[in-house]
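Trainee: Below is a structure I'd like to ask you about.
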Amino acid sequence: MIRLVLLLVLIVPVGVHAGPWPREVGRTFVSLSGEYNRANNSYASLYAEYGLTPRTTLGMELGRADQAETSAILWLQRALDDGQGSNRFAMQSGVGVIRRDADTLPVVQGALSWGRGFSRGWVTAQVLAKMTGSAPDPRMTERPSFAASFLTPERVIKTDLTVGLRPRDGLMVINSLWLEHRQDEDSSARLMSSLVFDVPGPVQVELGMVNPLSGPAEQAVRLGTWLEF
């Protein structure tokens, strides 16, 4: 419980992932979020996007996995459509590093995404592949119960399917199905359901739950704040 409170305190104002929609030129979106699961493991991330051109978005993500792993990734996303019609498509590529104890590992990733908006909502799908160097798992000998899903494997393919609804102004209901195929363990599926609501000022707050559907995963609380400027 103490660690959950500390995680809540660390969350500061930050905004929503663009999906395949490019970020408006000159606009910035920042998000700080965290997960804390039933195995007493946690993951926190700082995520940011900046609109470089009408079709190109620059992104950055910093992550910290329960004192075991720190990561930093810089990526570019390019719209593949002309902005006309109902469907949006985008391609993303990124590079970064992971730090585990004394090991520093390179990371590369690539993704394809699709999205479609509708009255009072949207739907998106993304397939992301990530590869990194190898290093000893810093938690297996100390805490075998550590959720490996918070650590980056040498190879992983993730598929995210998201449906978002805006039942009224100032409130979003988001449901995401996370499918993950990791090189180091069985495939898993998780369902993330959250509410995002306005608070005084330019800030939005996300409160959600992550529930395992199959494979090695733990139930987790998800908390975050969003800011766009």
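Values quoted throughout were computed directly from the atomic coordinates according to the rules given, and no laboratory measurement underlies them. What you see is a predicted model; the values in this text were computed from it and never measured. Glycine also receives a Cβ, built like all others from the backbone with ideal geometry; neighbour counts cover every protein chain displayed.
Trainee: Can you give the Rg and Dmax of segment 59-109 based on its C-alpha atoms, in angstrom?
Mentor: For segment 59-109, the Cα radius of gyration and maximum Cα-Cα distance read 15.3, 50 Å.
Trainee: Suppose R0 equals 25 Å. What FRET efficiency, 1/(1 + (r/R0)^6) with r the Cβ-Cβ distance, do D101 and K158 give to the nearest 0.05?
Mentor: Working: r = 25 Å, r/R0 = 1.00.
The value I calculate is 0.50.
Trainee: Quick check: Cα centre of segment 151-229 to Cα centre of segment 62-88, how many Å?
Mentor: Spelled out, the Cα-based centre of one part sits 14 Å from the other.
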